[in-house]
1. Going by average Cβ density within 10 Å per residue, which order do the peptides A:205-212, B:309-316 take, highest to lowest?
2. Enumerate the residues in the range B:342-365 having an amide nitrogen under 17 Å from the point lying 7 Å beyond the Cα of B:PHE374 toward its Cβ.
3. Given points 7 Å out from each Cα along the Cα-Cβ axis, report the B:GLU362 to B:GLU158 separation in nanometres with one decimal.
4. Computed over the Cα atoms of the range A:108-231, what is the convex hull's projected area averaged over all directions, in nm²?
5. At q = 0.10, 0.14 Å⁻¹, work out log10 I(q)/I(0) for the range B:71-384 with the Debye formula, treating every Cα as an identical point scatterer and leaving solvent out; two decimals please.
6. Sort A:LEU183, A:LEU90, B:LEU352 by accessible area with a 1.4 Å probe, largest first.
7. In nm, to one decimal, how far is the B:ILE246 label point from the A:CYS180 one, both placed 7 Å along Cα→Cβ?
8. With all protein chains present and a 1.4 Å probe, how do A:HIS152, B:HIS303 order by accessible area, largest first?
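The values are calculated or read from the model by the stated rules, or taken from the named source; none is laboratory data. Treat the numbers as computed from the prediction; the structure is a model and nothing was measured. Quick reminder, even Gly has a Cβ in these numbers, built from the backbone with ideal geometry, and neighbours come from all protein chains shown. Note: accessible area is taken over every heavy atom of the protein model, side chains too, but ligands, DNA and RNA are not part of it. Shrake-Rupley method; radii C 1.70, N 1.55, O 1.52, S 1.80 Å.
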Amino acid sequence: MNAFRLANRLVPRTMGAMRSSSRILGTTNALRHLSVPATQTTQALDQLGSVDHEYESTRVDRVAEPDRRAFTYLMLSSVQFVYASAARLLVVKLVASMAPSAEVLALAFGEFDLSALEVGKTIMVDWRGKPIYIRRRSVAEIEKESQVQLDHLRDQEADSDRTIKPEFLVVVGICPHLGCVPLPNAGDFGGFFCPCHGSHYDVSGRIRMGPAPLNLEVPPYKFISDTTVLIG
Amino acid sequence: LSLTFMNSSHNRITSSPLINLPSGIVRPSFSLSSLLLQLQISLKSLLPVNLPRLNKAYFFALIDSHIIHYPTPITLTYAWSFGSLAGICLVIQMVSGIFLSMHYAPNVDLAFSSVEYIMRDIKNGWLIRYVHANGASMFFIVVYSHICRGLYYGSYMEPREWLWVSGVILFFLMMGTAFTGYVLPWGQMSFWGATVITSMVTVIPVVGSAIVEWLWGGYTIKNPTLNRFFVIHFLLPFFIAGFTLIHLALLHKVGSNSPIGSDTGVDDVPFYPYYASKDLFALSCFLVFFATFVFYFPNVLNHPDNCIPADPFETPRHVVPEWYFLAYYAILRGIPHKTGGIIAMFGSIAVLFLIPFINSSEIRNTTYRPIFKFFFGYSLLISLF
């Protein structure tokens, strides 16, 4: 607290002093202009017998006893920390409740058996509510895809980067253009063809012609046996 | 008559000695710390003086005059904290209810399992469900305490009659919300409680059975009933919120009652910080009490039969409503006549409307009314045992 304010508090207030002090301090403290010196009114109210001076008597002087005020601040700030923690907890719990539930997370993985899939054929499976195309490719098709020059591709990805076992192509059957499901074994490149706006994909699921900006997405998957794939 | 009524003195905010607006003196800036300093200075000299208007902006002046500088009697006890607690209970119920309704399915085939889905699969779903279910019980505890305070301290007496009436309307809305909400989990108690209460409508002569089929949307309680009960349960709390504003407006017109019962307003303190901190402390205590139920005894207020999916062909042996309706249920069952029982049950709540208008006492606080105090305590004892 600055010394000027301290001096103000210790000196008995009169109307004149307060007006000059507030002018000097430059405060626009309207109330100071109005307040009547304490001694006059307390005398009158004391006679009513319903006034106690607890506020003044229990008041801790900030200058004389700095540690007591520190204790109060410590108490208050620790309780306010608890309030803040409670608010944070409330928000975290409620926001977390909107996250995918245990049921959804349990259905996040899909195991599919590919032993019956013939060469050159494509099957569609349901993973997380999305259509997944799995195509068994012939050696000739794999060879052809690996020889495509990356410069010719809008979304440059090598075929070897898009498969774990080159024999099986696993892609999400959602066109990256505007979300339609492409038709398998169709189109000018022998892969997929999206009938909505005419995107052509090759046997590696890469966009070759049409408006789609990206190749068909490859989901996270692994082979848990030679013919069983775990997607997710 | 209307001219005299149009001056400011009938409104507590403009007529209170603590808040009279001096002309020409305006604080150009508003900050809470300098505000508190002002408060200390003014209280220190214990002036029945005018505080300057804090803000020229209408919105802040409105908030200030109703929540910050609002003159509140200095003698209020913790019994007066139940009002703000009830408001907070409403907010708790609305927030937990909204998050529950993100996952609840209001269809007879899915309702019960969707509640179990919330309990098991949704993250923190168990917490939100227990908060909502036990929060309803807490809401009733708080509101019953609030009503008890009103009855004991004569807060329904002149000039607060319409405040009391708005409170009883709030109580009815609350009971409607609780009733429709209890049906939603579609357990045995949900179904049969709904059947019993909605069937009461059949007591109306001539059109009773037509009305009940309209209410059910069918010949028995089925999917249409569940759907509309879900909508009503979602809708009524917003009516409660609106009526709460009316309730507060009626309160702020005349100001709070006090244990002393004299409405002179000479011993008023500003709501902030005194009653804001008192209510905050009361809230902390209430939350500890609430948390004890939610985390340690979450099902003790619930009936185990409600964990059995509803079966329209088998009534449980002990059909009871939730504890907060048991008193009225006892009245219903106590009268062995269908119409009489129903009239007595609704009448026992509707009689609350009459209380301010049949009162003949000039003394508010029951402490100073020995005969009334005896009967008040006696009837309280009777209702508990």
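1. Most protected by this proxy first, the peptides run A:205-212, B:309-316.
2. No residue passes the distance filter.
3. 1.1 nm
4. The Cα convex hull of the range A:108-231, projected and averaged over all directions, gives 6.8 nm².
5. Here log10 of I(q) over I(0) equals -0.64, -1.19.
6. Output order, biggest surface exposure first: A:LEU90, A:LEU183, B:LEU352.
7. 5.6 nm
8. Listed by decreasing accessible area, they come as A:HIS152, B:HIS303.
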